[in-house]
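Okay, structure first, notes after.
The values are calculated or read from the model by the stated rules, or taken from the named source; none is laboratory data. What you see is a predicted model; the values in this text were computed from it and never measured. In this analysis, Cβ positions are derived from the backbone assuming ideal geometry, glycine residues included, and neighbour counts consider all displayed protein chains.
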Amino acid sequence: MKIDVLTLFPEAFAPLKTSIIGRAVESGILEINLINIRDFSKDKHKKCDDYPFGGGAGMLMTVQPVFDAVKSVFKDGAKIIFPSPVGETLNVKKVETLSECDHLIFVCGHYEGIDERFFQLFDVEQISLGDYVLTGGELPTMVIIDSVARFVEGVISKESLENESFSNGLLEYPQFTRPQEFEGLKVPDVLISGNHQEVDKWRKEQSLIRTKKFRKDLLKKQ
Ligand SMILES: C[S@@+](CC[C@H](N)C(=O)[O-])C[C@H]1O[C@@H](n2cnc3c(N)ncnc32)[C@H](O)[C@@H]1O
C-alpha cells in the first residue's frame, strides 16, 4: 500500500518509523512518503496560512500550496483523506475498507483548518477521531495509518486480527502472563488447565461480560 502524507510538520511522523509500522515500511509492505506542503507554496516567504475572510480567531491554511501538493502525488484511484471533526467517526468497518485501497493520500490540517475551496477542488473523505478538537491533523493521520496498516496483509498475523476487540463485535477477553501469582492475585485456573475447549468457553463468556460492563452499546448492534 502506498501512503502519501501531506503536512506542514513532517517531523511529527517519527513514530511511524518504529515498531510494527516501521518494520512494515522496511520490508516494503507499506510505502509512506512524507511531503512538506510548504515546499509547494508560491509565496516568496513560503507562507502557507492567512487570516480568514470575515474575521475570527486564528489562521487558515491557504489553498494553493495544498492544491499543488495534492496534484504532485495524485494518480487515478487514489483516495484523499482529510482528518477532521467534520467527518464521520472512525471505526473498524471504515478501517477495513480503507485497508483495501492501494493508494491513500492524507492531508493534515492545522491552525483553524483549510480554505473550503480545497474540498470543492478534490473528492475528499473527511474522517473524525471523535467529538473533540485536536491542534492538527498529524496525530489523527498517524492513528488512521496505524489502524489501517494492521489490516494490510503481512503487517500482523491473521490470528492477531481475529481475536481483537471489535473483530466479532465484542471487546476482547482479559489476558494474563507470567508470573502465575502476583501480589496475591492468581491467574484463573482455566487458563493453565491445558483444556483448550474450556479456555475458549471462558474467553467467550469473559468477552461478553466485559462488553456488557464497558460497552453496552456494542451489544445492541449484534
Ligand atoms: C484546531 S483544528 C481545527 C478545528 C476547526 N476549526 C473546527 O472547529 O472544526 C486543526 C486541525 O486538526 C485536525 N483535527 C482536529 N480535531 C480533529 C478530530 N477530532 N478528528 C480528526 N482531525 C481533527 C483537523 O485536520 C483540523 O483541520
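Observations, loosely collected:
- Exactly one residue out of K220, K201 is surrounded by fewer than 16 Cβ atoms within 10 Å (Cβ to Cβ) and within 30 Å of T89 (Cβ to Cβ), and it is K220.
- Inter-residue pairs, beta-carbon under 7 Å, first free of Cβ contacts under 8 Å to residues at least 40 places away in the same chain and under 15 Å from P65 (Cβ atoms) and in segment 1-23, second aliphatic (A, V, I, L, M) and surrounded by 14 or more Cβ atoms within 10 Å (Cβ to Cβ), 6+ apart: P10/L34
- Some residue of segment 136-159 being within 16 Å of the ligand (Cβ to nearest atom), of a type in the set (D, E), touching a residue at least 40 places away in the same chain (Cβ under 8 Å) and over 21 Å from R23 (Cβ atoms): yes
- Of all residues in segment 84-99, at least one satisfies being farther than 20 Å from F13 by Cα, hydroxyl-bearing (S, T, Y) and assigned by TED's automatic domain parsing to the domain that holds I32.
- Of residues in segment 53-77 being polar (S, T, N, Q) and in a helix (DSSP H, G or I), the one nearest to the ligand (Cβ to nearest atom): Q64
- Only helices (runs of 4 or more DSSP H) whose full extent lies in segment 95-166 are considered here, and the ones with at least 1 residues that are more than 30 Å from S27 (Cα to Cα) and in contact with a strand residue (DSSP E or B) (Cβ under 9 Å, 6 or more places away or on another chain) are 117-121.
- Considering segment 113-128, the residues that are within 19 Å of T97 (Cα to Cα) and surrounded by fewer than 18 Cβ atoms within 10 Å (Cβ to Cβ) include one that is farthest from the ligand (Cβ to nearest atom), namely D123.
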